[in-house]
Amino acid sequence: MRAIRSFFDAQAVTEVTTPQMGAYPASDPQLCNFRVDNPLAVSDKAAHFYLQTSPESAMKQLLARGSGSIYQLCQAFRVDPPGALHAMEFTLLEWYRLGFDFDEIISDTLSLVATLLGDRKVEVISYFDIFLRELSLDPLLAGKNELRDAAKRRVDVDMDDVDEQIWLDLLFSHCIAPQLGQGCYTVIRDFPPQQAAMAELAIDAKGNQVAARFELFIEGVEIANGYKELIDWREQQRRFEQDNKTRQARGIAPVEIDKGLLASMREHGLPACAGVALGVDRLLMLAQ
């Protein structure tokens, strides 16, 4: 923790602390939120809160109000089956750099990890190219049936009627991720636009529309996830609404969208920035 703080303090990035409970849950269909009921509530508005899956919303509201570049070490909470790489409560490092572009935030992340774990060879490859290399599959062109067949040939799974993104996630997590970062730091960049989450969209070198999003892998483990951050509040609202449509299509209850974040983005404007969430527990595990 001291080394992490020293890294950011040396570059005048301000440490912040934000509440671990918020009024709005994460809308990401892949995340399940812990709800905390308030026994003293006198109105529906304060009847319950949610433990943060990440401090992203609260930190972006600080950015919108002029905080400058910031970082935070905190606990995060996700309803997730416990395992070697998953815990319901874990330590998260999240930071935002004002004015950084996509390549700069990737370099920033690699610099931090090298400071903590030492220098290693770096491999940077796009999401599309890693699918072609490992599975001979184009994730842009493959339809649901092709993705389903590819997954069932490789993974023992009992499901059929799910959307393309679930098949892509399954193939990536089971067939690609374990091979990444073996003896090096592997960065997967330029994700499909459907997986943009809160990232800006961009055009890659091949002319494809992609999400300015990356993931860092070490020894088959995802360590960090970063974006060139979306700053258009209207597009952010549209994505929240799309998350709820996806939730409903998957049989998951929709959630109330984060009106607090949208209000900050609309009223104050989120400055151009890039951000990263890094799993500290996983990093410490690899440092042993």
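For this structure, a couple of remarks:
- Unique residue being touching a Cys at 6+ places or on another chain (Cβ under 7 Å), among the hydrophobic types (A, V, I, L, M, F, W, C) and under 29 Å from N208 (Cβ atoms) when the list is L98, L110: L98
- For region 237-266, a residue qualifies if it is assigned to a helix (DSSP H, G or I) and either in contact with a helix residue (DSSP H, G or I) (Cβ under 6 Å, 6 or more places away or on another chain) or free of Cβ contacts under 8 Å to residues at least 24 places away in the same chain (or both), and the qualifying residues are Q237, R238, E241, Q242, K245, Q248, L261, L262, A263, S264, M265, R266.
- Tally of residues being out of contact with any Lys or Arg (no Cβ under 9 Å at 6 or more places or on another chain) and either surrounded by 16 or more Cβ atoms within 10 Å (Cβ to Cβ) or modelled with pLDDT of 90 or more (or both) across region 114-143: 20
- Exactly one residue among F217, F240 is farther than 15 Å from E56 by Cβ and either over 18 Å from the mean Cα position of the chain (by Cα) or surrounded by 17 or more Cβ atoms within 10 Å (Cβ to Cβ) (or both), and that residue is F217.
- Within this structure, L85 passes the test of being modelled with pLDDT under 95, surrounded by 12 or more Cβ atoms within 10 Å (Cβ to Cβ) and over 27 Å from R238 (Cβ atoms).
Conditions tested, residue by residue: (1) of a type outside the set (A, V, I, L, M, F, W, C); (2) within 26 Å of S107 (Cβ to Cβ); (3) at pLDDT below 95.
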site: V210; (1), (2), (3): no, yes, no
site: R213; (1), (2), (3): yes, yes, no
site: I218; (1), (2), (3): no, yes, no
site: E222; (1), (2), (3): yes, yes, no
site: W233; (1), (2), (3): no, no, no
site: Q237; (1), (2), (3): yes, no, no
site: F240; (1), (2), (3): no, no, no
site: G260; (1), (2), (3): yes, no, no
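- Scanning region 25-67 for residues being within 23 Å of T91 (Cα to Cα) and among the hydrophobic types (A, V, I, L, M, F, W, C) gives a total of 11.
Results for (1) over 27 Å from I231 (Cα atoms); (2) surrounded by fewer than 14 Cβ atoms within 10 Å (Cβ to Cβ); (3) among the small types (G, A, S), shown as yes or no for each residue.
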{"position": "A12", "(1), (2), (3)": "no, yes, yes"}
{"position": "T18", "(1), (2), (3)": "no, no, no"}
{"position": "P29", "(1), (2), (3)": "no, no, no"}
{"position": "N33", "(1), (2), (3)": "no, no, no"}
{"position": "E56", "(1), (2), (3)": "no, no, no"}
{"position": "M59", "(1), (2), (3)": "no, no, no"}
{"position": "S67", "(1), (2), (3)": "no, no, yes"}
{"position": "L73", "(1), (2), (3)": "no, no, no"}
{"position": "V79", "(1), (2), (3)": "yes, yes, no"}
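- Residue count for region 195-213, restricted to those that are of a type in the set (S, T, N, Q) and either exposed (fewer than 14 other Cβ atoms within 10 Å of the Cβ) or farther than 21 Å from P29 by Cβ (or both): 2
The values are calculated or read from the model by the stated rules, or taken from the named source; none is laboratory data. All figures in this text were calculated on a predicted structure; none of them were measured in a lab. When we count neighbours, we look across all protein chains shown, and the Cβ atoms used for this are built from the backbone with ideal geometry, even at glycine.
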